[in-house]
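Below: the structure, in structure tokens.
The values are calculated or read from the model by the stated rules, or taken from the named source; none is laboratory data. Here the structure is a predicted model, which means the values were calculated and not measured. Here the Cβ positions follow ideal geometry from the backbone for every residue, glycine too, while neighbour counts run over all protein chains shown.
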Amino acid sequence: MDQPESSLPHAAVQKGQTPRHEELVRLIAQSLYSLGYRKAAATLEAESGVPLYPPEHDRLLLDVMSGRWDACAATIDSLTGITERNRAVAEFLVWRGHFLELLGTGDAGLRLATEVLSRRIAPLAIDRRCVHWLARAVVTSEGAVAPEAVAECRIGLFLDLVEALPPWFRVPSGRLEHLVETAVIQQVASCIYHNLPDEVTLFEDHKCHEEQIPSDCRQILCAHKNEVWFVRFSNDGNYLASSSSDCTAIIWKEDGTIFN
Ligand SMILES: [Zn+2]
């Protein structure tokens with residue numbers, strides 16, 4: 001049975017560390033790399049004992065770039081914490097890459113390509129339309145990878161592979177920044193008296209206080225002849241609606257005049 005992806009960190013958690021700790025270290029390392037602080041990121045990996053990527057990630061990269069297709073499939077098969085669907089899609093990508101490279105070798109690779117299609121790709125039952133297209137490619141050579149384009153295609157294949165695998169395998173780019181931004185947006189959204197156009201700082205939780213609401217009297221609106229029961233500003237803040245027990249509702253403009 002598949003296990004939940006989030007409950008399965010890729011590496012053994014060291015003594016005194018929690019899975020959350022490991023995830024955080026990996027996100028910080030990734031953020032440092034993306035900011036260009038490669039030495040700091042490498043030092044963090046070494047000091048924490050938490051690599052940015054699981055060992056299977058680097059192994060898969062090496063195997064894909066070397067065209068060791070059985071080894072790629074074995075690595076994918078060895079991954080824990082991924083769904084069977086994820087696994088089948090990843091294997092499908094591997095064998096499709098191998099198939100298209102074989103087609104690119106001309107008649108020499110045709111028999112082997114057909115075998116890969118029938119024994120490796122078709123049984124995975126992934127993307128029937130693509131399988132039909134690959135079957136046609138045996139005749140048309142459409143999509144065949146020319147020998148000089150192999151390296152570039154393998155890089156593309158690896159990128160497709162990591163996209164097909166769970167987030168813990170690849171660490172989605174900009175993840176730490178996304179988490180921080182989400183926290184800021186949520187704090188602002190839940191700020192009852194939000195009244196500050198300034199940038200929200202990361203150094204403290206955001207909260208506007210009641211006393212920050214403007215309280216100076218700027219205008220007195222006098223058109224109603226009896227008690228006012230309800231007022232509300234328009235979303236853009238340019239108009240104010242008021243209703244009164246005098247049986248009238250008035251739309252006011254920003255300058256205090258009545259909107260006709
Ligand atoms: Zn606020």
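Worth pointing out:
- Filter pass, VAL150 being in a helix (DSSP H, G or I), at pLDDT 95 or above and under 29 Å from the mean Cα position of the chain (by Cα): yes
- For region 73-123, a residue qualifies if it is within 20 Å of LEU161 (Cα to Cα), surrounded by fewer than 18 Cβ atoms within 10 Å (Cβ to Cβ) and acidic (Asp, Glu), and the qualifying residues are ASP77, GLU84.
- Selection status of VAL180, at negative phi and away from the ligand (no atom under 16 Å from the Cβ): yes
- LEU52 under 19 Å from the mean Cα position of the chain (by Cα) and free of Cβ contacts under 8 Å to residues at least 12 places away in the same chain: no
- Matching residues in region 191-219 - criterion: being away from the ligand (no atom under 13 Å from the Cβ) and touching a helix residue (DSSP H, G or I) at 6+ places or on another chain (Cβ under 7 Å): LEU202
- Pair list, Cβ < 8 Å and 6+ apart or interchain, from region 26-41 residues that are within 18 Å of HIS57 (Cβ to Cβ) to residues that are aromatic (Phe, Trp, Tyr) and modelled with pLDDT of 95 or more: ALA41/TYR33
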